[in-house]
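J.: This is the structure I want to talk about, given as structure tokens.
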Amino acid sequence: MAGFEALPIVGVTSFLLGIVIAYQGADQLKHYGANIFVVELVGYAMLREFAPLITAIIIAGRSGSAYAAQIGTMVVTEEIDALQTIGIKPIELLVLPKLVALMLALPLLTLFADLVGVTGGMLMASSQLDVGTHEFIDRFATEIPLKTLLIGLGKSLVFAAVIVIIGCYQGFRTKGNADSVGRQTTRSVVQAIFIVIVLDAVFSIIFNLMGL
Amino acid sequence: MTDIQSTPQAASYDYAIEMQQVCTRFGDKVVHEGLDLQIRRGEIFAIVGGSGSGKSTLLREMILLHTPDSGTVKVLGCDLAGISDAQASSLRQRCGVMFQKGGLFGTLTVTENIGLPLREHSELDEASINDIAAWKLSLSGLKPESAGLYPAELSGGMLKRAALARALALDPELLFLDEPTAGLDPASASGLDTLLRDLHALYQPTIVMITHDLDLLWQVTHRVAVLGEGKVLAVGTMEELAKLEHPIIRDYFDGARGRAAQQQVHSNEKRSNEKRATQENPWKPK
């Protein structure tokens with residue numbers, strides 16, 4: 001549900017991102033007459049890096065904050081305490097379903113961002129670099145390995161876990177009053193985005209070392 | 001359901017709650033310093049004390065939400081130190097807790113809230129659960145119309161009653177109430193007094209409450225513990241406590257509000273006290 005409602009914002013941002021990448025690259029590529037390489041530029045940049053990253057950042061802001069606020073409010077209204085006294089583990093009821101749901105939703109959203117972002121790049125390529133859509137798609141199919149897509153989706157799986165864990169953790173750390181809910185919610189978003197970006201950098205190093 | 005029979009300690013305790021040398025610290029702040037407290041089976045017991053005297057923490061330690069730094073806590077004869085998950089779960093099913101803010105789940109209706117402990121811990125079918133929930137609802141004095149409402153749609157008094165109904169879902173031997181009358185108008189508060197008395201008359205659960213409500217203290221409780229300086233300063237009936245000279249205790253009983261409540265009990269309550277004395281005392285220690 002959280003994923004479905006995020007489709008428009010994820011779509012627009014990744015579409016614009018695809019356009020920007022192609023546009024910025026166009027100038028450089030034209031110099032060397034290497035226009036066709038815009039396909040690799042857009043393909044690798046979107047699939048490996050930008051789609052997983054931008055989707056994770058948007059979802060950290062949308063859903064991570066919602067998780068922290070929901071759980072934080074439940075701490076304030078003593079619902080978490082009540083759950084425990086009834087004998088229901090809050091982690092099982094409140095965290096695990098979110099974890100499963102987002103680990104499904106975030107890769108799907110990332111896949112959507114991949115599609116829309118590459119489309120944006122493709123439109124830019126045909127208008128600025130005289131690389132037709134047929135040509136673009138043909139080259140995309142031969143030059144961009146499936147591995148690239150899977151690496152991006154794999155990263156989004158980890159990002160999903162990070163967003164859920166940080167959002168819920170900060171929610172549970174809420175103390176006593178409504179003020180605290182706001183503070184923990186802000187903290188969850190800032191931390192989740194920060195960790196997602198740091199992890200993305202770590203992944204780059206690891207994949208580089210592994211030769212992927 | 002509550003599996004009272006299968007719990008070996010069930011028959012072998014005199015005190016519903018037994019706390020010995022309990023010490024609790026939060027960082028540098030010492031909340032309890034060698035606190036001892038015994039609550040008898042079947043009595044209505046209240047814990048009072050100023051803000052920050054550690055009442056809520058003490059309650060949280062009794063309901064397994066907080067572990068003291070040292071000391072022993074026994075609830076219904078079961079030592080909470082090193083308790084297994086299964087034991088904790090069966091102990092929790094024998095206790096009902098009514099939280100200060102209700103703690104009702106916002107995404108569930110009143111009936112679903114009351115039915116949740118049953119759904120979680122019994123094999124009953126949906127229809128029976130709803131029947132029991134409706135009965136507990138009426139027991140708590142709520143009208144059947146409120147059954148389908150969500151907690152956000154309830155008034156303060158209704159919220160407290162709904163929370164009480166949920167705490168009663170599993171017919172607990174031990175009932176905890178955190179400020180049951182806080183934030184209620186006088187009419188609702190006195191309604192709750194009556195409700196608690198009736199409830200106790202119905203099946204004699206042990207009731208442990210935190211309260212500042214002098215009417216409730218004078219009219220409903222059997223014994224009261226005054227918390228201060230990290231310890232229990234005094235335990236006794238309200239009449240006994242009212243005679244003590246300790247400054248913290250005096251703060252409680254002096255002043256116009258305290259006197260008014262005391263006078264009220266002498267005019268209103270004589271009759272019910274006499275009645276209580278003539279019956280066999282169900283909350284007397286063995």
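A short reminder: the numbers here are calculations on the coordinates, not readings from a lab. None of the values given here were measured: they were computed from a predicted structure. Here Cβ is always computed from backbone atoms with ideal geometry, including for glycine, and neighbour counts include all displayed protein chains.
J.: Quick one: of B:74/B:243; A:155/A:175; B:74/B:101, which pairs are farther than 28 Å apart, Cα to Cα?
T.: B:74/B:243; A:155/A:175
J.: Give me the percent of Cα-Cα pairs in the stretch A:136-183 that sit more than 12 Å apart, rounded to a whole number. Intermediate values should be presented prior to the final figure.
T.: Numbers: 817 of 1128 pairs.
Everything past 12 Å amounts to 72 percent.
J.: Oh, and also: Only loop residues by DSSP count here, and only those with at most 13 other Cβ atoms within 10 Å; note down the GluC sites (Glu not before Pro) in the stretch B:118-211 that meet that. Before the final figure, lay out each step's value.
T.: Numbers: sites: B:120, B:123, B:126, B:145, B:153, B:173; in loops: B:123, B:173.
Filter output for the stretch B:118-211: B:123.
J.: Hey, what angle do you get for helix A:7-31 against the long axis of chain A, alpha-carbon based, 0 to 90 degrees rounded to 10?
T.: 30
J.: Nearest 10 degrees, 0 to 90: what angle lies between the long axis of helix A:96-128 and the longest principal axis of chain A (Cα atoms)?
T.: With both axes taken from Cα atoms, the answer is about 20 degrees.
J.: Under 5 Å between amide H atoms, partner at least 5 residues away or on a different chain: which partners does residue B:13 have, H built in plane at 1.01 Å?
T.: Here the answer is none, since no amide H 5 or more places off falls under 5 Å of that of residue B:13.
J.: Follow-up question, since we're still on this one. Which cross-chain or sequence-distant (5 or more) residues have an amide H under 5 Å from the amide H of residue B:98, H modelled 1.01 Å from N in plane?
T.: Here B:176, B:177, B:178 satisfy the definition.
J.: Just to check I understand the Karplus step: with θ = phi - 60° and J = 6.51 cos²θ - 1.76 cosθ + 1.60, what whole-Hz values come out for the stretch B:206-222, glycine and proline as x?
T.: With coefficients 6.51, -1.76 and 1.60, one gets 7, 10, 10, 9, 9, 7, 10, 7, 5, 4, 4, 4, 6, 9, 10, 6, 8 Hz.
J.: What are the ³J(HN,Hα) values, in whole Hz, obtained from phi via the Karplus relation 6.51 cos²θ - 1.76 cosθ + 1.60 with θ = phi - 60°, for each residue of the stretch A:37-51 in sequence order, with x given for Gly and Pro?
T.: Using θ = phi - 60°, the values come out as 5, 4, 4, 4, 4, 5, x, 5, 4, 5, 5, 7, 10, 6, 4 Hz.
J.: Could you list, bin by bin from short to long, the percent of Cα-Cα pairs of the stretch A:2-210 in 5 Å steps?
T.: 1, 8, 15, 16, 15, 13, 10, 7, 5, 4, 3, 2, 1, 0, 0
J.: Roughly how large, in nm² to one decimal, is the mean projection of the convex hull of the alpha-carbon atoms in the protein assembly as shown?
T.: 30.6
J.: Next question, about the same structure. Note down the net charge around residue A:148, summing +1 for each Lys or Arg and -1 for each Asp or Glu among other residues with Cβ under 11 Å from its Cβ. Spell out each step's value before the answer.
T.: Numbers: positive: A:48, A:147; negative: A:40, A:49, A:114, A:143.
Summing Lys and Arg as +1 and Asp and Glu as -1 gives -2.
J.: If you stretched the chain out fully between residue B:153 and residue B:23, how much longer would it get, using 0.36 nm times the residue separation minus the C-alpha to C-alpha distance?
T.: The span from residue B:153 to residue B:23 would gain 42.7 nm if fully extended.
J.: Take the alpha-carbon centre of the stretch B:49-104, take the same for the stretch A:115-192, and report the distance between them in whole Å.
T.: If you average the Cα positions of each part, the centres end up 44 Å apart.
J.: On to the next question. Residue A:212 versus residue B:251, label points 7 Å from Cα toward the beta carbon: distance in nm?
T.: The two pseudo-label positions are separated by 6.2 nm.
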